[in-house]
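Taking it in order: structure first as structure tokens, then the write-up.
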Amino acid sequence: MKRLILDRRLWPFPIAVWTAVVGASFAWNVLDLDRHTEALATTRAHLMVEVLESVRLWNARHGGVYAPITETTLPNPHLQVPDRDIELPSGKSLTLINPAYMTRQIAEILAEAVDGVDMDITSLKPLNPDNKPDAWEAEALRTLERGHGVTATFAGSGGGATFRYMAPLVTEKPCLQCHEHQGYRVGDIRGGISVMMPVGTLLSSSRTQRNRIAGTHGAVWLLLSLLTVLGLSRLRTQMLSLKKAKENQKALVQVRTRELREEIAEHEQTENRLRLLLESSGEGIYGVDTRGRCTFCNPIALQLLGLDRTEQIIGRDVHQRVHGMWHDSAPDCGADCPLKAAYERGKAVHVEDGTFWTAHGKSLPVEYRAHPIYRDGEVVGAVVTFADISSRKASEQQLRKLSQAVEHSPESVIITDAEGRIEYVNAHFQASTGYTSEEVIGRNPRLLQSGETPAETYEAMWSTITDGQVWHGEFRNRRKNGELFWEETSIAPITDETGHVTHFVGINEDITERKRLEKQIWRQANYDELTGLVNRHLLLDRLEHRLHQAKRDQERFALLFMDLDGFKEVNDTLGHDAGDELLRQVANRLLSCVRDGDTVARVGGDEFTVILPRLHGPEAGVRVAEKILAALAHPFTVRDKALSTSASIGIANYPDDGEDAATLMMNADRAMYAVKHRGRSGIIRFCDLKKN
């Protein structure tokens, strides 16, 4: 189905199906019309034959009748019987009229009375040569003798078309008076009554009906094809939009996932650096006398100063070698040197950011302390401890970067202690929520709760993060000004060296706009843009859901198909804008006629569908349909003009008229079209249509 919708090259297939269905319907209707036309002609011919046959039989049973001899009734030369001609005492001459003679004269009278009708008696062995059959009559007589009942056919075309009909003459006992010498016995077919009558008017009426049927089927085929193409086009557009939205969302999720992974990796890298810094840290220690000469040096100091052996520094002027220059490589730091103050003036010093120089002439950033050594109250030297702070300075620079990155992150960042009290929020948090850092520090993040996030979400969050796992989810929060907004949140626990959770860090992204777009896309996919009603896609979904629920609970429900009467005239006369306004007003009236749990959908053009669940009987749907017709009966005001419309409504009830969606929709549609054929503006249940 998805391939059919997306590939336009496959769209002719459903149109071909409609073509086959409509073509089959047209062929059946034409065949039925032809049968009906032939039946009418046959009935008329049969009535004429019945009249003649009855008169002929009456004559035969009475042995013929006598009639005065006139110019139109002369003695029958082919009748060779005694007393054929008699004379009354009054002198009036009479001649015997046998059945065949009487039948022929009655046929002549009927031909005079009914214009164009020609009737005669014929036989393959006629007594009267005038009764010799023509070619069609001869073939028809042979057909009758083979045991077929009657023979009928149409001949000619247009206004000169005729209908020929042949009924058998069966030999009865009275007939043997005249025909026994021909070898006939009772029950034999001795001839037939032939009727030929004009049927131009009948066939013209049939052609008119045939054209009407063709026009109706053509319109139905065109409408179905257009609706199919429009429906497939709309579904294709919606599916492509959804596909694109899904791809965009997927790409956004991938980007965000990659960013989060990079941030987590960067955090882990920073933590590793700090750990390595702590594990590899050490202090160098050396001593000097009052003249600055080295008296001792530990291995860490040797290593930090780039020396291999203690002999390279013991007894030598350490100050000149280690601290004889400023940061800018000036040759001597002079009397202001803090180290000289320690061993020359007995002053303890602490310099957090100083510079030493290694044996290789490279500067070494250090933090150092110098404590004077006293002996007998006099300064005899000093002890200097120093630590290489190269890694610390690099880490501090990195931490400053991280701090700036977090502070200026485009997403809200919040850090709490293990009890959930806020210790830090970045600038974006303050801009997003409206709260300043002073207002939230020390408080719980629940101050952002709106009450619209399910309690289960918070329970799952706490269960995950207290278990040491990272939690991802969404919150519906409230800003300081009361405005509601959506956040996509990731919360990770921070543990100490023993594995205990000490803090939680949360990264929040405002997804309010994304939620709005998702909701908009969903509504566009499931609701009619013009009327705000449910569209065909959501209707089918609700119908399937209703079928499942009705089967489970053994409930009844009704499906109403409604088509506005005369809507095309509104579009043609007032324009499509007026038609759209009328559809919106119709939609509002339909909603006013149903319950909150009912579904009203616009399925295309001026067609609407209503699902009425939980009904107590088959008549309940009719009552709602009557209510709809009554609501539509009131005039509509469109562009200061009063418009009137009505509707043709077909009803299919579950489970009486179908137990699946396709059957119910087809039967409701058939019932609706039956209303159209019967004059519009009415209601027909499919069950009533089946009875008729």
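The values are calculated or read from the model by the stated rules, or taken from the named source; none is laboratory data. Because the structure is predicted, anything quoted here is derived from the model rather than measured. Neighbour counts run over all protein chains shown; Cβ positions are idealised from the backbone, glycine included.
Here Phe485 fulfils each of the conditions (1) within 20 Å of Arg421 (Cα to Cα); (2) touching a helix residue (DSSP H, G or I) at 6+ places or on another chain (Cβ under 8 Å); (3) in a strand (DSSP E or B) apart from (1).
Quick one: would you say Lys641 is without any contact (Cβ under 8 Å) to a residue 40 or more places away in the chain and over 25 Å from the mean Cα position of the chain (by Cα)? No; evaluated as a whole, the condition is false for this residue. Taken together, Ala341, Ala405 contain a single residue that is aliphatic (A, V, I, L, M) and surrounded by fewer than 17 Cβ atoms within 10 Å (Cβ to Cβ), which is Ala405.
Matching residues to (1) out of contact with any Leu (no Cβ under 8 Å at 6 or more places or on another chain); (2) surrounded by fewer than 18 Cβ atoms within 10 Å (Cβ to Cβ); (3) closer than 30 Å to Gly442 by Cβ; (4) among the β-branched types (Val, Ile, Thr):
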residue: Thr489; (1), (2), (3), (4): yes, no, yes, yes
residue: Ala492; (1), (2), (3), (4): yes, no, yes, no
residue: Leu517; (1), (2), (3), (4): yes, yes, no, no
residue: Asp528; (1), (2), (3), (4): yes, no, no, no
residue: Gly532; (1), (2), (3), (4): yes, yes, no, no
residue: Leu559; (1), (2), (3), (4): no, no, no, no
residue: Asp572; (1), (2), (3), (4): yes, yes, no, no
residue: His576; (1), (2), (3), (4): yes, yes, no, no
residue: Leu583; (1), (2), (3), (4): no, no, no, no
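Checking Gly604, Gly532, Gly579 one by one, the residue that is under 25 Å from Ser241 (Cβ atoms) and free of Cβ contacts under 8 Å to residues at least 60 places away in the same chain is Gly532 and no other.
Regarding the stretch 660-672, can at least one residue be identified that is of a type outside the set (Gly, Ala, Ser), within 25 Å of Asp596 (Cα to Cα), touching a residue at least 24 places away in the same chain (Cβ under 8 Å) and in contact with a Lys or Arg (Cβ under 9 Å, 6 or more places away or on another chain)? Looking for residues that are of a type outside the set (Gly, Ala, Ser), within 25 Å of Asp596 (Cα to Cα), touching a residue at least 24 places away in the same chain (Cβ under 8 Å) and in contact with a Lys or Arg (Cβ under 9 Å, 6 or more places away or on another chain), one finds none in the stretch 660-672, hence no.
Are any residues in the stretch 87-146 acidic (Asp, Glu) and at pLDDT 75 or above, and if so, which ones? I'd like the intermediate steps shown before the answer.
Step one: filter the stretch 87-146 for residues acidic (Asp, Glu), giving 87, 108, 112, 115, 118, 120, 130, 134, 137, 139, 145.
Hits for the stretch 87-146 are Glu87, Asp118, Asp120, Asp134, Glu137, Glu139, Glu145.
Every listed requirement among (1) in contact with a strand residue (DSSP E or B) (Cβ under 7 Å, 6 or more places away or on another chain); (2) crowded, with 17+ Cβ neighbours inside 10 Å is met by Leu232 save one, (1).
Can you tell which of Val55, Val17 is of a type in the set (A, V, I, L, M, F, W, C), surrounded by 10 or more Cβ atoms within 10 Å (Cβ to Cβ) and not assigned by TED's automatic domain parsing to the domain that holds Arg164? Reasoning before the result, please.
Working: Val55 fails: not assigned by TED's automatic domain parsing to the domain that holds Arg164.
On inspection, the qualifying residue turns out to be Val17.
Scan the stretch 635-642 and give yes if some residue there is surrounded by 15 or more Cβ atoms within 10 Å (Cβ to Cβ) and closer than 22 Å to Ala550 by Cβ, otherwise no.
First pass over the stretch 635-642, keeping only residues surrounded by 15 or more Cβ atoms within 10 Å (Cβ to Cβ): 636, 638.
With closer than 22 Å to Ala550 by Cβ added as a condition, the list becomes none.
There is no residue in the stretch 635-642 that is surrounded by 15 or more Cβ atoms within 10 Å (Cβ to Cβ) and closer than 22 Å to Ala550 by Cβ.
Just one of the numbered conditions (1) within 20 Å of Val534 (Cβ to Cβ); (2) part of a helix (DSSP H, G or I) is not true of Leu612: (2).
Could you list all residues from the stretch 21-72 that are touching a residue at least 60 places away in the same chain (Cβ under 8 Å) and acidic (Asp, Glu)? Asp34, Glu38, Glu53 - these are the residues of the stretch 21-72 that are touching a residue at least 60 places away in the same chain (Cβ under 8 Å) and acidic (Asp, Glu). Which of the residues that make up the stretch 640-687 are out of contact with any Leu (no Cβ under 7 Å at 6 or more places or on another chain), among the polar types (S, T, N, Q) and part of a strand (DSSP E or B)? Across the stretch 640-687, the qualifying residues are Ser648, Asn653.
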